[in-house]
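K.L.:
The structure is given below, and queries will be raised subsequently.
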Amino acid sequence: MNKVIKVDKDKIDKLINYYEPFMRDKKPPYSVFQAKDGDTVVTLYESGKVMFQGPTADIDAAFWGEAILIEKESFTFNTEDSIGSDEVGTGDYFGPIVVVAAMIKEENKDKLMELGIKDSKALTDEHILKISPKLKGLCDYSYFILNNKVYNEYNEKGYNMNKLKALMHNDCLLKMHNKYPEIKKIIIDEFTTKERFYDYIADETNKIDNLTSLTKGESKSLAVATASVIARYIFLKEMDKLSDKVHYPLPKGAGPQVDSAGKDLVKEHGKEILKEIAKYNFGNTKKILDIYI
Ligand code: MG
């Protein structure tokens, strides 16, 4: 698929900034750059024309067309019948990694977007807790919760974060694909190249195929955005359960609050607690345990 849009001179910098990490060494004649972003090849020409090529060309062209040319804050989503996946918890010392694959139908797009799903990154936790129960009937989903005890065991066996994520995404996407084989568009929020993704899941008996890979997928695809909201919801609920279990309000993220919570917990339960409820390979562990060495 090919899509061409024209951008103003003053918008070209934004485009260059965005695609800088994905730029190729070689570029076609009369072009400023060529980049490969997920499944889309993007070429900016000296004339100001931008060509998008590949299975996700329409999504990326719409993203830039709406966001930049028409100067809107929000942009058109890909809202066709699709399955999309995203994960949360990978940057949080406490709490699990949660991957969700969501199936959405075009006919429900207005209701989903009214709930605020079109901009999932901007949603507060309060908003997510409020809207998630209302998603029932508007989508279907599968999920995978990887608790930290298991995360740490796999990590010690040499499974890095991206491999674990790839296995979880594959599992969730397959579940939805098997349930809705008629849906052809399957989108993953890209966290590694597609080539690496398939390397990570090489040993799996069943692999999801016809995968479309999108960077910033939660801003471009309604299915991925829906998945990211549900994943966050599940994560928040799991964090509540975990906090109840250790009788301590566990902070999110991996900042100084997390270190001080970790110190309190180790004082109370011993350092083994970290292997149960925290991502042991994070730098926080050293900061928390230093005072005990
Ligand atoms: Mg993501």
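The values are calculated or read from the model by the stated rules, or taken from the named source; none is laboratory data. None of the values given here were measured: they were computed from a predicted structure. Here Cβ is always computed from backbone atoms with ideal geometry, including for glycine, and neighbour counts include all displayed protein chains.
K.L.:
Which one of these does Ala102 not meet: (1) within 16 Å of the ligand (Cβ to nearest atom); (2) out of contact with any helix residue (DSSP H, G or I) (no Cβ under 7 Å at 6 or more places or on another chain); (3) not polar (S, T, N, Q)?
P.N.:
(2)
K.L.:
For region 54-93, how many residues are surrounded by fewer than 22 Cβ atoms within 10 Å (Cβ to Cβ) and at pLDDT below 80?
P.N.:
Summing the residues that are surrounded by fewer than 22 Cβ atoms within 10 Å (Cβ to Cβ) and at pLDDT below 80 in region 54-93 gives 12.
K.L.:
Which of the strands (runs of 3 or more DSSP E) contained wholly in region 1-115 include at least 1 residues that are of a type in the set (D, E, K, R) and under 30 Å from Lys149 (Cβ atoms)? Before the answer, list the steps.
P.N.:
Details: elements: 2-6, 31-37, 40-45, 49-53, 82-88, 97-104.
Ranges flagged: 82-88.
K.L.:
Does Lys220 satisfy being modelled with pLDDT under 95 and more than 22 Å from Tyr93 (Cβ to Cβ)? Explain how you work it out, then say what you get.
P.N.:
On the way: modelled with pLDDT under 95: yes; more than 22 Å from Tyr93 (Cβ to Cβ): yes.
Yes: the conditions hold for Lys220.
K.L.:
Would you list the helices (runs of 4 or more DSSP H) that sit entirely within region 243-293 and hold 3 or more residues that are surrounded by 19 or more Cβ atoms within 10 Å (Cβ to Cβ) and more than 25 Å from the chain's Cα centre (by Cα)?
P.N.:
On the way: elements: 256-269, 272-277, 284-289.
Ranges flagged: 256-269.
K.L.:
Thr205: within 16 Å of the ligand (Cβ to nearest atom), outside any helix (DSSP H, G or I), free of Cβ contacts under 8 Å to residues at least 60 places away in the same chain and of a type in the set (S, T, N, Q), yes or no? Break it down stepwise before answering.
P.N.:
Numbers: within 16 Å of the ligand (Cβ to nearest atom): no; outside any helix (DSSP H, G or I): yes; free of Cβ contacts under 8 Å to residues at least 60 places away in the same chain: yes; of a type in the set (S, T, N, Q): yes.
So Thr205 does not fit the description; no.
K.L.:
Further question on the same structure: Can you report the number of residues in region 96-145 which are small (Gly, Ala, Ser) and either closer than 13 Å to Ile83 by Cα or touching a residue at least 60 places away in the same chain (Cβ under 8 Å) (or both)?
P.N.:
Residues of region 96-145 small (Gly, Ala, Ser): 101-102, 116, 120, 122, 132, 137, 142.
Remaining after also requiring either closer than 13 Å to Ile83 by Cα or touching a residue at least 60 places away in the same chain (Cβ under 8 Å) (or both): 101-102, 120, 132, 142.
So the answer is 5.
K.L.:
What pairs come out if I take residues in region 76-91 that are closer than 26 Å to Leu236 by Cβ and pair them with residues that are of a type in the set (S, T, N, Q) and assigned to a strand (DSSP E or B) whose C-beta lies under 7 Å away, six or more apart or interchain?
P.N.:
Once the first residue is closer than 26 Å to Leu236 by Cβ and sits in region 76-91, its partners that are of a type in the set (S, T, N, Q) and assigned to a strand (DSSP E or B) give Phe77/Ser221; Ser82/Ser221; Gly84/Ser221.
K.L.:
For region 172-202, give me each residue that is away from the ligand (no atom under 16 Å from the Cβ) and either assigned to a helix (DSSP H, G or I) or buried (at least 21 other Cβ atoms within 10 Å of the Cβ) (or both). Show your work before the answer.
P.N.:
Kept after step one, since they are away from the ligand (no atom under 16 Å from the Cβ), are these residues of region 172-202: 174-185, 195, 198-199, 201-202.
Within region 172-202, Leu174, Lys175, Met176, His177, Asn178, Lys179, Glu195, Tyr198, Asp199 qualify.
K.L.:
Can you pull out every residue in region 141-171 that is loosely packed, with under 15 Cβ neighbours inside 10 Å and among the aliphatic types (A, V, I, L, M)?
P.N.:
Answer for region 141-171, where residues must be loosely packed, with under 15 Cβ neighbours inside 10 Å and among the aliphatic types (A, V, I, L, M): just Val150.
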